[in-house]
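The values are calculated or read from the model by the stated rules, or taken from the named source; none is laboratory data. As the structure is a prediction and not an experimental result, all values here were calculated from the model. Note that each Cβ is placed from the backbone with ideal geometry, even for glycine, and that neighbours are counted across all protein chains shown. Areas reflect the complete protein model, heavy atoms only, side chains present, ligands, DNA and RNA absent. Shrake-Rupley method; radii C 1.70, N 1.55, O 1.52, S 1.80 Å.
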Amino acid sequence: MTLHDGTRIDNSSSLERHALRGPISPADTAIANYAGRDLQPNRGIPLNLDWVNAARVNTSAVERRAQTIGTRRTVKKEWQAAWLLRAIMCMDLTTLSGDDTDERVRRLCAKARQPIQMELVQKLGIESLNIKVAAVCVYHRFVETARRAIEGSSIHVAAVSTGFPAGLSPFEERVAEIRRSVEAGADEIDVVITRAHVFGGKWQALYDEVATFKNACGPAHLKVILGTGDLLTLRNVARASAVAMMAGADFIKTSTGKEATNATLPVSLVMTRAIREYAQETGMAVGFKPAGGIRTAKQSLDWLALMKEELGDSWLRADLFRFGASGMLGDIERQLEHHVTGRYSADYRHPMA
């Protein structure tokens, strides 16, 4: 199945495709392409305060642009189904409740391995695509449980660390928590920044914090949660995004999902443009993860359209784009069922776990 622009759904990595071509060139190790330029994974750069302080955001213009995202691009019928399948493949299926149990995590992992009911998969004729979500996201305590439950699949285990969601536990404990999660088998670490560093303009402190988190991650990918709902202004969002990327973030993420205001299109627009500027200046690609408040299939299409228009097709893959939005999976299933049957099913027919 292909997207509306002809892009095929493809689970193979760049390195897999080039494995038999001899010596690896910079193009072989590229994880993205923007405006004809191959982009490498983010290694970070020294803190550039001139860059950070020069950040400006025209709030009214951003809000006007955000209002057009859902109206500028329309996909229908089989193309819409393909885009919804892509949304599933870019999803971090998440459970971060105070009453989480090992059994709940195992059920979540089973849903991650088969996010669409088999009867619906057969009706869509997509058995060969082997659709799965990108990752399951859990507290540190459940990393080993999740690792065992998704063993043998390509699904990653992501752990929220650093005193999630407030990020106010002692610094040494936050760093130790990252290391414990990596040792337990986490492939990705979602960390929370100290928002006070942003409020006080303490950019060196924020840079050092994220760089330390990155070092503690070792081989695991670092997703840096900015807590945009707490940052007060879009300019703060732009500045915090730049500092996190300079410090080596593999992804920048909007929210913990616990704030009063989580992912919004204006905030996402500012963050994706920060990613674009960083790519243009450094030749390195950083991923983006909106989290919290995204609950419907229609919203998933809005965010996919945003990524395509602002960053291009490279950011329509799980390597560089994730949804922290488990709640929308049920609605996507309902939309896919409507595509093949012409009828909407009840919500209870598509349980999360």
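Worth pointing out:
- G248 satisfies every condition listed in (1) at pLDDT below 95; (2) at positive phi except (1).
- Any chance A260 is touching a strand residue (DSSP E or B) at 6+ places or on another chain (Cβ under 9 Å) and not charged (D, E, K, R): no
- The range 71-101, subset basic (K, R) and under 25 Å from S255 (Cβ atoms), residue modelled with the highest pLDDT: R86
- Hey, R295 surrounded by fewer than 20 Cβ atoms within 10 Å (Cβ to Cβ), over 14 Å from the mean Cα position of the chain (by Cα) and over 30 Å from T29 (Cβ atoms) or not: yes
- Residue tally, condition modelled with pLDDT of 95 or more, closer than 14 Å to G227 by Cβ and not aromatic (F, W, Y), over the range 157-201: 10
- None of T282, T261 is among the hydroxyl-bearing types (S, T, Y), free of Cβ contacts under 8 Å to residues at least 60 places away in the same chain and either open to solvent by 10 Å² or more (accessible area, probe 1.4 Å) or more than 21 Å from N58 (Cβ to Cβ) (or both) except T261.
- Per-region count, the range 83-103, residues outside any helix (DSSP H, G or I) and surrounded by fewer than 21 Cβ atoms within 10 Å (Cβ to Cβ): 6
- Every condition in (1) over 24 Å from A242 (Cα atoms); (2) surrounded by fewer than 17 Cβ atoms within 10 Å (Cβ to Cβ) holds for R56 except the one numbered (1).
- Residues in the range 132-149 that are part of a strand (DSSP E or B), surrounded by 21 or more Cβ atoms within 10 Å (Cβ to Cβ) and among the aromatic types (F, W, Y): none.
- When every residue of the range 238-256 is checked against the conditions, none turns out to be under 27 Å from T95 (Cα atoms), among the aliphatic types (A, V, I, L, M) and open to solvent by 30 Å² or more (accessible area, probe 1.4 Å).
- Some residue of the range 54-70 being acidic (D, E), touching a strand residue (DSSP E or B) at 6+ places or on another chain (Cβ under 9 Å) and either in a loop (DSSP other than H, G, I, E, B) or at pLDDT 95 or above (or both): no
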